[in-house]
Every structure is written in C-alpha cells, then in structure tokens.
Amino acid sequence: MPARRVNPPKVKAPTMKTVKKCLSKDAQLDALRSGFKRIPDRRRNGGKIALVDVLMSGYAVFDLKDPSLLAFDNRRLDDADNLQRIYGIGQVACDTQLRTVLDPVDPELLRPNFRSVIAQLQRGNALQRLAYYQGHYLLSLDGTGSYGSRNLSSASCLIKKNRDGSELYYQQVLGAALVNPDHRTVIPLAPEMIIPQDGATKNDCERNAAKRFLPKFRSDFPRLPVIVVEDGLSSNGPHIRDLQQHNMRFILGAKPGDHPLLFENLDKAMKNGASTTFAEPDPNNPEIMHCYCFLNDTPLNQANPDLKVNLLVYEEHNAKTGKTQRFSWVTDFSITEENAYILMRGGRSRWKIENETFNTLKNQGYNLEHNYGLGKEHLSENFVMLMMLAFLVDQAQQLCSPLFQAALEKKGSKRALWEEQRNLFRCYSLKSMAEIYTMIVNGFVKACPDIIYDE
C-alpha cells in the first residue's frame, strides 16, 4: 500500500536575490506545455489521450530522472495528482502510450521548444552572462553515442562490424551547447541525430550532421553571434565554408598531421621572423607559463589555397608538475598578443561539450545511452530530444535561479537533489517546482521571507 500523502509544511521561499518570473522553473514548464500544444496531432480522431499530455509525460520522465518507463508508470499510478498539478498534464500517459504515440512524431517538431526556453533566458537578461568575446557566444559541437546493443536495433541505428564477426547496433547524436570557460553551466541546443545515410566513419557522420545542424541553428537564432569551437575533424575546407555561409566565427582544432602545409608555412615564418612568439605567466597561477606562436593569413591546405586562416599554436608549461600540454587551432579572428589568451581559452572550452554536457547526461541521472525504447520510426530520437529539453531547463535554472542554486547547494550534488525531488513527489501533495525547491532549502521546517518575482 502506498504511503499516505500529506500536505507539505507551511514554508516560504528564501529570498536570495530578485528572481524574474519568466526564469522560474514553473514558468519554463508552462512555456514547454504551450509549445507542445502547437504540435499537430496526426492521429485519427486525436487518440484516447491528448498529444500534449503524452509529450509532457515524456518530458516528466527525464525531468524527474526516472531510470525507466516502468518506473515512471509506477509513478503515474501513485503520483498522478502531483504530475497533473506541476506539469499541467490532463491525463498522465502510461508506458505503452508513451511508446506508441511518440514513435511517429517528427523530432523536428520539438525543436521550437528549445528556442522558447532560450528566448526566456534572453528576455530575462540571463543568457548574456555566457557571452565570451566581442559579444559572441562559444558554440561547442561534437558527436556522442546515445545507444548501443548487440541484439536490439531499429531503422535509425548505425551498424558496426566487430572483429569476431558480430554486429553492434548503435545510435549517435551531434550535440551542441553554448559554453563559457568561466561558467560550469552550459546551454544545450536542439541536437541533430546522426543517421545511417551520413556515412560509415566518425568524420563523415559528424560532417553531414553538421551540414543539417548549421542552417537549422541559424533559422532558430538568426542574429545570435557565435564562435564555433570544435575538434580537429572540423578544420576542413567544406566545413569552414559552411560556417562562413551561416555567418559563424570559428576556433577549430588543427593537428600538424592533418595540415602539413599549414605547419610548414608556420615553420618558414618562424625562420623568416614573420610569425609572432611570446610567453606570459598565468594571471591566477604563477607556476603555469603560457607560450604562444601564431601566424595570420595563411592558406588552410593545398586543396583550399584561397581559404585563408590564422594559426595559433599554444603550449602550457606547469613548473609544479613538469608537464607540458600542446594545442593548436585555426581561427578567423586576427590573432594578436592581446587576444591570444582569450582565443586559447575559447578553443579549450570545446571540452565543455564532453565534460559538462555528455558526461552529465550519461552519469548524473539523465541516463543517456539507456534504452527507453527504439520504436519503428522516431521513438528513440524523441526520447533524446525530451531528455535534452529537461537538461536545458535544469541548466537554465542552474544559471539564473537562486532557489534552484540554493537547493543544489543544500543537497551537495545533482544526484542527491534529484533523489530528494523524487522523495518529496512521493510523500507530499505539491503545487509547483518552486514549492519542492523551497522545502529542500528550508529542510521542511525553517521559514524565510517570500521570494520576489520581477516581471
């Protein structure tokens, strides 16, 4: 028998600083629900359950970090009132309804919801905190696996032949996020699924997925100034021309083995005194020395002699450990001694798509790579989109909500915060996410002044 549900203690939200109402978690849930309502329902007679309820139920799976659809189905039976009140769900979908209704939905129809959440951040002057250089935002792109199995597959799976003759069925996604080296928070964008037609190699797959991603991004954010930061696979002529076509600046990894002409020209310039070399200590750690060598306006490679780039080679020397790290990038920013440090930090921020995005999705409760269902058409892709939407809203809260920040600090880790959130869901009749975070911050007892909402 489920535990008796009780009303939460009478506690008030802590006032740490003024909070814009459009940036609250509940306002963002309202925006998502409104976006889901605009998605057309192609089913005959609309089905037994509204599409918006199925989509919002699917979102709740990942917002609550339930490890499986079965776990959410048990929640549907025990916590339906809370799901309906907090997420605005009229009828909570069961696991079967989630699979059957979401499978034929075009994942592209979920893309506007990413734009609406980020528009709220812009409206609340929160996104501007991540601007990095000359008003530009760093946009990091990279691919990652979202599913793998030797037994289960769907039409959207790629196939890898193993040495033992067996086959691995897997799915990959091109992820994208706005990052900043001074912030742990990242703002994920709508991902681009990598499809079997993209090719057999990682290089081809990510290039072709990027070709689809770039015009979609520019359509969603036509005036957002960005600097694309990527690894060495991206510093090729066709991709750079695509970036230029869509008015995007870039700092792209470039390895000597992939660009012999580029580094030969640098060697010649160093001998002729046409390049610039200098070193400076780290402003925050005198044991670290930054060493730079750069050359502006040089051809990318022999295949693209008319495509001129600027090459930055950087070494970090750590006197304490005795270790040296070496990196190199091509960029369309003219490199100077004044901006070399800024461009270097921007280039190294590419790792945030790995560490703060993919690692979080795989190891901090979102369960990327877990099989929630493959379906016959788009089910797995839609689950990835809904998972990324939940991650976006959480990151938005981490960026600008003092209430969420206080709850996270109180619990000490995201996994502990998610667990406490689920516990409260099971034990109390709740009205809002603000109420949940307030209970976590106050320990269910201590009362604080009312939270202030600023329109």
Quiz item: Considering the stretch 1-60 alone, what residues qualify as being among the basic types (Lys, Arg), open to solvent by 80 Å² or more (accessible area, probe 1.4 Å) and modelled with pLDDT under 60?
Solution: Arg4, Lys10, Lys12, Lys17
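Across the stretch 98-110, what is the total count of residues that are surrounded by fewer than 21 Cβ atoms within 10 Å (Cβ to Cβ) and within 17 Å of Ile39 (Cβ to Cβ)?
If we filter the stretch 98-110 for residues that are surrounded by fewer than 21 Cβ atoms within 10 Å (Cβ to Cβ), which is where we start, we get 99-100, 103-104, 106, 108-109.
After this cut, where a residue has to be within 17 Å of Ile39 (Cβ to Cβ) as well, the list is 100, 103-104, 106, 108-109.
Within the stretch 98-110, residues that are surrounded by fewer than 21 Cβ atoms within 10 Å (Cβ to Cβ) and within 17 Å of Ile39 (Cβ to Cβ) number 6.
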Quiz item: Within the stretch 282-293, is there a residue that is surrounded by 15 or more Cβ atoms within 10 Å (Cβ to Cβ) and in contact (Cβ under 8 Å) with a residue 40 or more places away in the chain?
Solution: yes
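Listed residues Asp81, Asp95, Asp73; which is out of contact with any Asp or Glu (no Cβ under 8 Å at 6 or more places or on another chain) and surrounded by fewer than 21 Cβ atoms within 10 Å (Cβ to Cβ)?
Working: Asp95 fails: out of contact with any Asp or Glu (no Cβ under 8 Å at 6 or more places or on another chain); Asp73 fails: out of contact with any Asp or Glu (no Cβ under 8 Å at 6 or more places or on another chain).
Checking each option against the conditions leaves just Asp81.
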Quiz item: Restricting attention to the stretch 316-336, does a residue exist that is open to solvent by 10 Å² or more (accessible area, probe 1.4 Å), at positive phi and without any contact (Cβ under 8 Å) to a residue 40 or more places away in the chain?
Solution: yes
Exercise. Restricting attention to the stretch 252-266, report how many residues are under 21 Å from Thr336 (Cβ atoms) and either open to solvent by 30 Å² or more (accessible area, probe 1.4 Å) or acidic (Asp, Glu) (or both).
Key: 1
Self-check item: Members of the stretch 145-165 that are of a type in the set (A, V, I, L, M, F, W, C) and either part of a loop (DSSP other than H, G, I, E, B) or over 18 Å from Ile194 (Cα atoms) (or both)
Solution: Leu152, Ala155, Cys157
Quiz item: What is the one condition in (1) under 26 Å from the mean Cα position of the chain (by Cα); (2) loosely packed, with under 15 Cβ neighbours inside 10 Å that Met248 does not satisfy?
Solution: (2)
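From the list Ala190, Ala200, Ala209, pick out the single residue that is in a loop (DSSP other than H, G, I, E, B) and modelled with pLDDT under 95. Write out each step before concluding.
On the way: Ala190 fails: modelled with pLDDT under 95; Ala209 fails: in a loop (DSSP other than H, G, I, E, B).
Residue meeting the stated conditions: Ala200.
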Quiz prompt | Residue among Met439, Met387 that is modelled with pLDDT under 95 and among the hydrophobic types (A, V, I, L, M, F, W, C) | solution = Met439
Quiz prompt | Residue that is farthest from Val384 (Cα to Cα) [pool: residues in the stretch 135-181 that are in contact (Cβ under 8 Å) with a residue 60 or more places away in the chain and open to solvent by 40 Å² or more (accessible area, probe 1.4 Å)] | solution = Gly135
Quiz item: Just one of Ala390, Ala396, Ala406 is assigned to a helix (DSSP H, G or I) and open to solvent by 10 Å² or more (accessible area, probe 1.4 Å); which is it?
Solution: Ala406
Quiz item: Does Lys65 fit the bill of being surrounded by fewer than 23 Cβ atoms within 10 Å (Cβ to Cβ), basic (Lys, Arg) and closer than 19 Å to Gln395 by Cβ?
Solution: yes
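The values are calculated or read from the model by the stated rules, or taken from the named source; none is laboratory data. None of these values were measured; they are calculated from a predicted model. Neighbour counts are summed over all protein chains in view; Cβ atoms, including those assigned to glycine, are modelled from backbone coordinates with ideal geometry. Accessible surface is based on the protein model in full, side chains and every heavy atom, while ligands, DNA and RNA are left aside. Shrake-Rupley method; radii C 1.70, N 1.55, O 1.52, S 1.80 Å.
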